Amino acid sequence: MADRQLAVRMRGITKEFAGKVVANKDVDLDIYRGEVLALLGENGSGKTTLMNMLSGIYFPDSGSIEIDGKPVVIASPKDAFEHGIGMIHQHFKLVNVFTAAENIVLGLKGEGKFDLAAASERIRQICDAYGFDVDPNQKVYDMSVSQKQTVEIVKLLYRGADILILDEPTAVLTPQETDKLFAVLRNMRDDGKAIIIITHKLHEVQDISDRVVVLRKGEYVGEMLTAESTTQEMTNMMVGRQVSLNIDRPDVEMDYRMERIRVKNLTVKNADGVTKLDDVSFTAYTGEILGIAGISGSGQKELLEAIAGLQPVDSGSIEYVVDATGDHEEVEQLIGMDPVKIANMGVVLSFVPEDRLGMGLVGSMDLTDNMMLRSFRDGRSPFTDRNAPRHLAELVVDELEVNTPGVGTPVRRLSGGNVQKVLVGREIAAAPTVLLSAYAVRGLDVNSSYLIYDLLNRQKGNGVAVVYVGEDLDVLLELCDRILVLCGGKVSGIVDGRTTTKNEVGLMMTKLGGGEA
């Protein structure tokens, strides 16, 4: 370890927002060439903020940064690029109508007419050197998520970056795509690049990283060599106490398994006439968690929104079993109904959408008012009751350990993980009979994620039909009773979560053909 070459030395880095929210406090961090460093921490621990300062997006309030032993000032992403630093964010910054090559060279200065052919040849050389699979002439709108991510990485390498930061790089990748990405990252590491990944997937940390650094509440708390540590030790250091890493999948004791949702031959098209769901059929039952797997954009969003009455349906039917006593079933068809009409039928439906602040919560409103969004129609007078929503907000903050100055804080000031806790807590508090959840733990730390899994299992135990859209196949296989796999808007198969394998589901996500559980 003594011969390692130090690439970055950060000392005493402190950053505050709004004068009172301390994102980072006196953080020291060393980054070496020829290693993959995993940066871990709970939501709001300051991981992304710290890397945003290294990549020039934020400027530290105090502290110093050295690159290759020389003090530097990084006041913009341009400054970071000049020092060989590049960051790939969760949301890609590509122009859809441009080719890969055009995106990669976009913004670069050159003398006279830019030689795109020469640039394409240089791109191919980079791809051959590290094992990338990129067609320089392919349009971005024709690319998969993993291809877009590859373009982002090649764009940094083309600009000469040798210190690369990846924020949640595998969030929407299949297991096969993740394996390909990790193979490339290892090649880059072996070539002397310094690579930092921010992630919450501890099994991937063990697979790809050489060293782990842990932040807690904005402060550096320790580091460890990956080969000499376990996921349990990493989690304990992140949280500051012993945490169980077992995801339960309890068997619910019920007299019989009752149908709750029936989806038959459902077809949904978007505003441009593109088919997002094609002849989808399945049944969701009480007392089970039905997982929905698929690569990003396979129709998961449209499926949940159609069930919730938020998405127009072209053909097919969605039915709820509203009541079942003995042999009696009352069935209602929901095509063309809005959420209010669905609720008036007696369906208690809770929906945790993918878009937290666009569809789930109002960022400018505080926690109390966001709780009131579900209950304001229940009032019996022209004056809105704020006491019950305030009590609920305080309960959610306490039960889900939401990191906030108080229930009067605007939601937009919370970290992404804390926003998600507020949304999930509000929807579960409605005591639903059907719970639809899209990426409920996306961006959440390990401790918070397991808290959400426990909440979902409690709903399952209460006889709720839970539909869970997830992107982490390890979690889907541990948590869900059955898994419906979508591929290009079609049902590739429905498998038993207890007996299927990660590889089987991954293959079904990329090509049609599967079983029925």
**Q.** Residue list for the stretch 135-181, filter: in contact (Cβ under 8 Å) with a residue 60 or more places away in the chain and part of a strand (DSSP E or B)
**A.** Ile163, Leu164, Ile165, Leu166, Asp167
Q | Which listed residue is among the aliphatic types (A, V, I, L, M), over 30 Å from Gly417 (Cα atoms), within 29 Å of the chain's Cα centre (by Cα) and surrounded by fewer than 18 Cβ atoms within 10 Å (Cβ to Cβ), from Leu106, Leu116 | A | Leu106
Q. From the residues in the stretch 188-225 that are within 21 Å of Val441 (Cα to Cα) and polar (S, T, N, Q), which one is farthest from the chain's Cα centre (by Cα)?
A. Gln206
Q) Residues of the stretch 119-134 being in contact with a Pro (Cβ under 6 Å, 6 or more places away or on another chain) and either free of Cβ contacts under 8 Å to residues at least 24 places away in the same chain or surrounded by fewer than 18 Cβ atoms within 10 Å (Cβ to Cβ) (or both), which ones? A) Ser120
Q.
Looking at the stretch 434-449 only, could you name the residues that are modelled with pLDDT under 85 and in contact with a strand residue (DSSP E or B) (Cβ under 8 Å, 6 or more places away or on another chain)?
A. Asp445
(Q) Suppose we keep only residues that are over 30 Å from Val491 (Cβ atoms) and surrounded by 13 or more Cβ atoms within 10 Å (Cβ to Cβ) within the stretch 241-268. Which one would you say is farthest from the chain's Cα centre (by Cα)? (A) Val243
Q. Hey, does the stretch 392-399 have a residue that's over 30 Å from Leu215 (Cβ atoms), crowded, with 16+ Cβ neighbours inside 10 Å and outside the structural domain of Lys511 (by TED's automatic domain parsing)?
A. yes
Q) Can you pull out the residues in the stretch 135-181 that are hydrophobic (A, V, I, L, M, F, W, C), crowded, with 19+ Cβ neighbours inside 10 Å and modelled with pLDDT of 90 or more? A) Val151, Ile153, Val154, Leu156, Leu157, Ala161, Ile163, Leu164, Ile165, Leu166, Leu181
Q. Picking from Ser55, Ser62, Ser45, which residue would you name as being surrounded by fewer than 15 Cβ atoms within 10 Å (Cβ to Cβ) and either under 24 Å from the mean Cα position of the chain (by Cα) or modelled with pLDDT of 95 or more (or both)?
A. Ser62
Q.
Suppose we filter Glu233, Glu223 for residues that are buried (at least 16 other Cβ atoms within 10 Å of the Cβ) and modelled with pLDDT of 90 or more; which single one remains?
A. Glu223
Q: Report those helices (runs of 4 or more DSSP H) wholly inside the stretch 403-517 carrying at least 2 residues which are among the basic types (Lys, Arg), touching a residue at least 24 places away in the same chain (Cβ under 8 Å) and surrounded by 23 or more Cβ atoms within 10 Å (Cβ to Cβ).
A: 416-428
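The values are calculated or read from the model by the stated rules, or taken from the named source; none is laboratory data. Just so we're clear, the structure is a prediction, and the values are computed from it rather than from any experiment. Positions of Cβ are backbone-derived with ideal geometry, glycine not excepted, and every protein chain shown enters the neighbour counts.
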